[in-house]
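The values are calculated or read from the model by the stated rules, or taken from the named source; none is laboratory data. What you see is a predicted model; the values in this text were computed from it and never measured. Here Cβ is always computed from backbone atoms with ideal geometry, including for glycine, and neighbour counts include all displayed protein chains. Heavy atoms of the whole protein, side chains included, go into the accessibility calculation; ligands, DNA and RNA do not. Shrake-Rupley method; radii C 1.70, N 1.55, O 1.52, S 1.80 Å.
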Amino acid sequence: NNLNGTIPSEISTLNDLRTLQLDQNILRELVPEDIANLTMLEKLRLDNNMLSGPLPSMISQLTMLVELVLNDNALTGDIQEIENLLELQILELQNNMFSGFIPPGLGNALNLETAQFFQNNFTGSMPVVICDNIEPLGSIMVLTADCGGSSPPVSCICCTACFSEDEGLLRFTSVNTTIEIPPDYDIYVKSIVSHSLRHDNSN
């Protein structure tokens, strides 16, 4: 796709929309606040664009969301508003500039399978309630964060892969494996690596 410009606020008039997929374009600026009016939305994919700024303040209204995929943008601010999205199965936030703490309310999303937080500015500890939802007792199969290296910004005892940047290399570390890749690799390669580490752990 080659869509260029901003996401029009008029998109909020599509009241029955279930899937909004605008990934891999050249969309810029903010995610419009009015997108929170799409209360029937189940899948929102805006990854691989040039979006910036915070998430819409009322994104918590999208309570039917199953997939929220926003990776590879320049989004900022905290993500506290998403902790009430309890139907989430896929959450991809990697490679942005989000900050603050990872919200513990995500531990109540009992069908969550993938949650990727690496390459952001999060700090603190991965909430225990999220760790409690890791398989085999819970549903989470992939959980990544910036929890690698000697002084990681995120402390995580349950992540399936930890990410760190050291000496010009991006390093994914799991229990059994360390994989190093150049930092300019496509974000999809990074995602595949983090998924592969999870499968390595399960063997």
Residue selected from the range 22-35 under the condition over 15 Å from Met64 (Cβ atoms) and in a helix (DSSP H, G or I), by the criterion most open to solvent (accessible area, probe 1.4 Å): Glu33
Selection count where residues are open to solvent by less than 20 Å² (accessible area, probe 1.4 Å), of a type in the set (A, V, I, L, M, F, W, C) and outside any helix (DSSP H, G or I), scope the range 57-88: 9
Qualifying residue in the range 12-21 (condition: open to solvent by less than 20 Å² (accessible area, probe 1.4 Å), at pLDDT 95 or above and either closer than 26 Å to Phe163 by Cβ or among the hydroxyl-bearing types (Ser, Thr, Tyr) (or both)): no
Filter result (among the hydrophobic types (A, V, I, L, M, F, W, C) and crowded, with 18+ Cβ neighbours inside 10 Å) within the range 147-162: Cys147, Val154, Cys156, Cys159, Ala161, Cys162
Residue in the range 16-39 that is more than 23 Å from Ile130 (Cα to Cα), in contact (Cβ under 8 Å) with a residue 24 or more places away in the chain and under 13 Å from the mean Cα position of the chain (by Cα) present: no
Members of the range 135-157 that are in a loop (DSSP other than H, G, I, E, B), among the small types (Gly, Ala, Ser) and touching a residue at least 24 places away in the same chain (Cβ under 8 Å): Gly138, Ser139, Gly148
Count of the range 152-169 residues which are modelled with pLDDT of 90 or more and not hydrophobic (A, V, I, L, M, F, W, C): 3
Residues satisfying the stated conditions in the range 128-146, i.e. open to solvent by 20 Å² or more (accessible area, probe 1.4 Å) and closer than 17 Å to Ile79 by Cβ: Val129
Of all residues making up the range 95-126, the number that are part of a loop (DSSP other than H, G, I, E, B) and open to solvent by 20 Å² or more (accessible area, probe 1.4 Å): 7
